[in-house]
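A quick write-up on the structure given underneath.
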Amino acid sequence: MIKSVIAAAAATPFLASAALAGPYVNVETNAGWSGADYGGAATDLHLGFEGSEGVLGYYIQGGPAFLTPDGGDSETVFTGKVGASITSRAVLLS
């Protein structure tokens with residue numbers, strides 16, 4: 001009996017049906033270097049949405065990216081990202 005209670009308590013985090021879902025903002029800068037030479041940077045300003053359905057987690061985000069090469073003209077382009085993950089669930093056998 002006690003082993004069953006401990007096993008059930010340990011597996012509880014894996015049995016959640018849905019994660020918090022909703023919109024978010026992701027601001028990210030990636031800079032390029034080759035040794036001591038700076039090449040430039042790209043700064044993303046993305047709006048996104050994430051959620052889950054059962055064992056499937058997903059996200060989609062997009063927005064402007066500001067490209068600033070070293071010594072060149074800046075440019076604004078649209079970029080986006082999508083992703084998914086699958087998590088397994090523990091099965092309790094008694």
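For this structure, a couple of remarks:
- Remark: spin-label model distance LEU67-ASP37 equals 1.8 nm, labels positioned 7 Å along the Cα→Cβ axis.
- Under Karplus coefficients 6.51, -1.76 and 1.60, residue-wise ³J(HN,Hα) of the stretch 35-48 in Hz, glycine/proline x: x, 9, 7, 7, x, x, 8, 10, 10, 8, 10, 9, 9, x
- Applying 0.36 nm per residue to the separation of ALA84 and LEU47 and subtracting their alpha-carbon distance, the gain on full extension is 11.6 nm.
All of the numbers you see were taken from the coordinates with simple rules; none came from a lab. Predicted model only: the values in this text are computed from it and were never measured. Reconstructed Cβ throughout: ideal geometry from the backbone, glycine too, with neighbour counts over all protein chains shown.
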